[in-house]
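Written out below as structure tokens is the structure these notes cover.
No lab work stands behind these numbers, since they all come straight from the coordinates. Quick caveat: nothing in here was measured; it's all calculated off a predicted structure. Here the Cβ is made from the backbone with ideal geometry for all residues, glycine too, and neighbour counts use every protein chain on show.
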Amino acid sequence: MLSVVRGYNILIIVIAQYLTSIYILAYNKPLSQVLFDVNLFMLVLASAAAIAGGYIINNFYDSEKDLINRPIKSRLDRLVSQNTKLSFYFVLNFAAVIMASYVSFRAVIFFSVYIFGIWFYSHKLKRLPFIGNLVSAILTITPFFAIFMYYKNFEQVIFVHAVFLFLMISMRELTKDLENIKGDFVQGYKTIPVVYGEKYSKLMLTVLAITTLIPAYLLLFYFEVGYMFLFFYMSLILLIMFLILLWKSTTKVQYLILHNILKFIILAGVFSILLIDVSVILNRI
């Protein structure tokens, strides 16, 4: 079941939500007030439950495709019956709504819409080019939007960070489509690589990579990001490597390497939040 719900991904998202709250969204609040905020804790738990449910329903609809794209993981996931997965899916979604209700009725509406959006994406939108990629990227950053709305911090630097993250996630989704092109084609998924071909997909990835230079430049030279500048310079180097390898890649293994490069950048970005202000903990205790 941990494989189905991708527990490691959920753990990273929980850590990212807390780091974002401490260092970006509520940087002016006492540390204890953020760490022991029950409302924040409930929002994070609701996000984790909704995301876990999303992985389950996505696994349910993609079971045949995953037999082709991820045969080993698929065999592991099949140790859990489809009925058990669906039962756990409804339990997780119900738990997410209950935890959201502790915060406010608006939180209940937010997570209800989020849960429906994940289901609709898995059931219909995932099979569509462009729309599927766009919705997937939006759904990925939506849990952070819940925290953003809770703290109501509308500083420009937050939006620039969000744009950078959105572009990186969009690149990862498109690279994943290249990696899974065989299974998508067999199962009739109309992804960008299936409909428009690998060359067009590589061109799109190149445009997205170049576009990430805009928020990266703004964060480096117009906003105060502390030692996090090291992360952005590293990201630029890795993106150059990514583009060089991209145009030489033709096999699933090569696309998997590219996918892992982007995952590493996103993961490093989460923990590099700690570098925004190395003294923030001492100053706020």
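Structure notes:
- Taking the charge dipole of the chain about its Cα centre, with +1 at Lys and Arg Cβ atoms and -1 at Asp and Glu Cβ atoms, the residue from I158, G197, V5 reaching farthest to the positive side is G197.
- Given the choices [x] 6, 27, 34, 25, 8, 0; [y] 6, 26, 32, 21, 11, 3, 0; [z] 5, 20, 23, 22, 17, 9, 4, 1, 0, P(r) over Cα pairs in 10 Å bins from 0, in percent derived from the coordinates of this structure is entry [x].
- Per-pair calculated FRET efficiency, R0 = 51 Å: L35 and K182 via Cβ, rounded to 0.05: 0.65
- GNM top mover of R127, R172, R70 - the chain, alpha-carbon springs below 10 Å: R70
- For the stretch 155-285, the relative contact order is 34 percent, taking Cα pairs closer than 8 Å that sit 6 or more residues apart in sequence and dividing their mean separation by the residue count.
- Three-way shape label, the stretch 155-285, alpha-carbon gyration tensor, a/c 1.5: prolate
- Backbone N atoms of the stretch 150-170 closer than 16 Å to the 7 Å Cα→Cβ label point of I12 belong to residues 165-170.
- Length gained on full extension, M149 to L213, computed as 0.36 nm times the residue gap minus the Cα-Cα distance: 20.4 nm.
- Using a simple spin-label model with pseudo-atoms 7 Å out from Cα toward Cβ, L134 and I109 lie 2.4 nm apart.
- Counting every pair of alpha carbons in the stretch 1-153, the share spaced more than 24 Å apart comes to 36 percent.
- One decimal place: the segment F60-S81 gains 6.6 nm when fully extended, by the rule 0.36 nm per residue minus the C-alpha distance.
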